[in-house]
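Heads up: the structure comes next, in structure tokens.
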Amino acid sequence: MATYTISSSSQLKAILSAAKSGDTIKLAAGVYSDVSVLNKTGLTITSADPANPATITGLRITGGDDITISKLNLTGTSTTAQNSFQVRSSNNIVFDNLKVSGPAGHDISTLENAGLMIRASTNVSITNSEFSGFRYGLSLLDNENVKVAGNFFHEIRTDGVRGGGNDFLTITGNVFTDFFPAEGDHPDAIQLWTNNTSKATHDVTISNNLIVRGDGEPTQGIFLRDTGNTLPFEKVAITGNMVIGALYNGISVQGMVNSTVSGNTVLGFDDQASWLRLSAVSSTVVTNNNATKFVWSDTDALITDNNIRRLSVLDGGAGAVSQWMASQGSFGGKWGDNPDSMLDRLDLNLNKYSFLRDDQRTVVIEGTAGSDRLTVSAVGNSRVEAGDGNDTIYGGGNGNNALHGGNGDDVYFVRSVKDKVIEQADGGIDTIATSINLEMANHVENLRVESEDLTVSGNDLANRMTGSAGIDTFYGMGGADTLLGLDGDDFLSGGDGNDNLNGGDGADVLYGDAGNDTLVGGDGSDLILGGAGNDLIQGGSGANTLTGGLGADEFRFRQGDLSNGVVNVITDFQRGVDKISLALIDANSRTSANEAFRFIGSNAFNGRAGDLRFYKDGADVIVQADLNGDGRADFAIKLLAVSALSASDFHL
């Protein structure tokens, strides 16, 4: 048994060729490339000075037995190379206290490289090591008795630990954080599958791992899938893991029998639900788990007990990690062996919400796949998860309420400024019935007011907003909106888009803003402003003031809109651009026919029903019509700052 201290790749190659069982090779600080350990037994390769470790840029162990690799840097030099470090067809291999990393200075989400691969080997351990800078950190294929324990995976693109065909596999006490997947990736901290094997994977233990989103993007936590739906995992124990801020599948198993899922915690963020999901699982004990949601499908003979629904975290998971660490004893090792050091490692900070119990926070109210009527709690905060169906959700109470309608045409009764409507795109045609001033939530189409004198704003969809008998103030914002003021002296503003505004009864103010809008004042003396765009403006009955704004506007009057003694005013008529439409008014009240007007310019009435004329009134003109042939005006329209008119200015 000899000990060699070497300082170059050529020396290392020579020593490896001659080394015998029991030898130890110590590497001086420096870089060693293309290290191959072929058919060797009983070797240890380590750094001469662990405080100043040597760096290996490529390592391949084939046909080895009783090999230990420790206290080294394994540093990949390529952003695309697969498995720069690998073990094949070997036995009793130990990796310990390593720093396994890809090349520095690259966008993690663009990496295509892979770190360490263990394949077709037995009795392999990877412990107390750090993995970063890879698309895939550790890959395991077709092995037996592999142990992955006490490692730290971070700055990973897609998967931390992944593989298939591994029996008697143990993954325990590891930390996973800061993943940066690319669009289209299937990112997981731990992913196991059944591809390319003819027998079921069995005796897998995944325990006491800590998976935290950190500064990265959400990933799936623990993901096991019987890919072909014919070889379910057997005798799996998923226990004591904590998953915080993951994608929907915090812990997900598809295809498993005779197993245990116990003592795990899966906590989502408010921006991303995360759950414990079991599908095609049978004869399995599922107990003492905490999760923001549980999803079972196609399960049989489950033994379930004390699985508790939890709320999403409000502090990035700091409080949950701190409490979990305190219960783990020696968990974390050099990565953080106490709650404070682990929080520092994960860049998590406690806040005032960190140690609030759920019963101090929020009540979760769940619907079904049908049409439910759900009401928030009168005391404390509520989270309504209505699910599928056309649901009716009642807000209010004295807490902060998150109202999730889910799929279906849902109706939300918003009664408090603390009610927050949360809808998803393509989640149905939804309606808010509000008793308070409100800005409409995203992905909600319709709104109606339940109280008078409210101010409400729409969103970027084509909203339909319906008012009350009182004074309503509506802002349509983006989209082609329909705003209905109904009774009362309302203010309606369309915003962007081709909007339809109807003031209803009362002295209303209508403002079309941008877009080709249709504005109808209804009864009452209204002020209507078209804004930009080619607008259709109809004042309705009453003494209305009409302004077209920019664009080619049409001022339309209907039968009954105009009457003697009530003057409508058009403030900005542009000859050759705008039009006055009288085509919907019967010009001759003495016949049953619906006759058009006859424009006679500035000439006086001459006793013919249907004559339409104008006359100068200072800087303005007055348009008059004789409907019955008595030579007197039956209605008048005033056009400001206009000196003359012709038949082409009208639709007669």
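Check Gly317, Gly333 and return the single one that is among the small types (Gly, Ala, Ser) and either without any contact (Cβ under 8 Å) to a residue 40 or more places away in the chain or surrounded by fewer than 20 Cβ atoms within 10 Å (Cβ to Cβ) (or both).
Gly333
Step by step: first the residues of segment 357-372, then only those that are within 24 Å of the chain's Cα centre (by Cα) and surrounded by fewer than 17 Cβ atoms within 10 Å (Cβ to Cβ), then the one that is farthest from Arg309 (Cα to Cα). Which residue is that? Don't jump to the end; show me each part of the working.
Here is the first cut: in segment 357-372, the residues within 24 Å of the chain's Cα centre (by Cα) are 358, 361-369.
Then drop every residue that is not surrounded by fewer than 17 Cβ atoms within 10 Å (Cβ to Cβ), which leaves 358, 366, 368-369.
Numbers: Asp358: 9, Glu366: 11, Thr368: 16, Ala369: 19 Å.
The selected residue is Ala369.
Output the residue which, of all residues in segment 580-591 that are surrounded by 20 or more Cβ atoms within 10 Å (Cβ to Cβ) and assigned to a strand (DSSP E or B), is nearest to the chain's Cα centre (by Cα). Step through it out loud before you land on a result.
Here is the first cut: in segment 580-591, the residues surrounded by 20 or more Cβ atoms within 10 Å (Cβ to Cβ) are 580, 582, 585, 587-588.
If we keep only those that are assigned to a strand (DSSP E or B) as well, we get 580, 582.
Values: Ile580: 49, Leu582: 51 Å.
The qualifying residue nearest to the chain's Cα centre (by Cα) is Ile580.
So, in segment 286-300, of the ones that are of a type in the set (Ser, Thr, Tyr) and part of a strand (DSSP E or B), which residue ends up farthest from Glu385 (Cα to Cα)? Even if it seems obvious, please write down each step before you answer.
Start the filter on segment 286-300 by keeping residues that are of a type in the set (Ser, Thr, Tyr), which leaves 287, 292, 297, 299.
Adding the requirement that they be part of a strand (DSSP E or B) leaves 287, 297.
Values: Thr287: 23, Ser297: 18 Å.
This residue is Thr287.
Check Ala633, Ala625, Ala604 and return the single one that is assigned to a loop (DSSP other than H, G, I, E, B) and surrounded by 14 or more Cβ atoms within 10 Å (Cβ to Cβ). Steps first, please.
On the way: Ala625 fails: assigned to a loop (DSSP other than H, G, I, E, B); Ala604 fails: surrounded by 14 or more Cβ atoms within 10 Å (Cβ to Cβ).
None of the others qualify; the one that does is Ala633.
Looking only at segment 271-306, which residues are in contact with a Gly (Cβ under 6 Å, 6 or more places away or on another chain) and more than 20 Å from Ile244 (Cβ to Cβ)?
Answer for segment 271-306, where residues must be in contact with a Gly (Cβ under 6 Å, 6 or more places away or on another chain) and more than 20 Å from Ile244 (Cβ to Cβ): just Ala280.
Would you mention how many residues in segment 114-152 are more than 19 Å from Thr57 (Cβ to Cβ), in a loop (DSSP other than H, G, I, E, B) and of a type outside the set (S, T, N, Q)?
Number of matching residues: 3.
Take Val243 and tell me if it is out of contact with any Phe, Trp or Tyr (no Cβ under 8 Å at 6 or more places or on another chain), of a type outside the set (D, E, K, R) and on the phi < 0 side of the Ramachandran plot.
Numbers: out of contact with any Phe, Trp or Tyr (no Cβ under 8 Å at 6 or more places or on another chain): yes; of a type outside the set (D, E, K, R): yes; on the phi < 0 side of the Ramachandran plot: yes.
Taking the combined requirement at face value, the residue satisfies it.
Identify, please: which residue in segment 294-312 is modelled with pLDDT under 90 and of a type outside the set (A, V, I, L, M) and is, among those, surrounded by the most Cβ atoms within 10 Å (Cβ to Cβ)?
So in segment 294-312, the residues modelled with pLDDT under 90 come out as 308-312.
Narrowing the set further to residues that are of a type outside the set (A, V, I, L, M) leaves 309-310, 312.
Numbers: Arg309: 15, Arg310: 19, Ser312: 21.
Ranking the candidates gives Ser312 first.
Condition check: over 24 Å from Val204 (Cα atoms), out of contact with any Ser or Thr (no Cβ under 9 Å at 6 or more places or on another chain) and either of a type outside the set (Ser, Thr, Tyr) or at pLDDT below 95 (or both). Does Gly133 satisfy that?
Numbers: over 24 Å from Val204 (Cα atoms): yes; out of contact with any Ser or Thr (no Cβ under 9 Å at 6 or more places or on another chain): no; either of a type outside the set (Ser, Thr, Tyr) or at pLDDT below 95 (or both): yes.
No, not satisfied.
For segment 160-201, name all the residues that are under 20 Å from Gly115 (Cβ atoms), assigned to a strand (DSSP E or B) and acidic (Asp, Glu).
Asp188
Look at segment 432-465 and say how many of its residues are among the hydroxyl-bearing types (Ser, Thr, Tyr) and crowded, with 19+ Cβ neighbours inside 10 Å.
Initial filter on segment 432-465 (among the hydroxyl-bearing types (Ser, Thr, Tyr)): 434-435, 451, 455, 457.
Applying the additional criterion that residues be crowded, with 19+ Cβ neighbours inside 10 Å yields 434.
The total comes to 1.
The values are calculated or read from the model by the stated rules, or taken from the named source; none is laboratory data. The structure displayed is predicted, hence computed values, not measured ones. Reconstructed Cβ throughout: ideal geometry from the backbone, glycine too, with neighbour counts over all protein chains shown.
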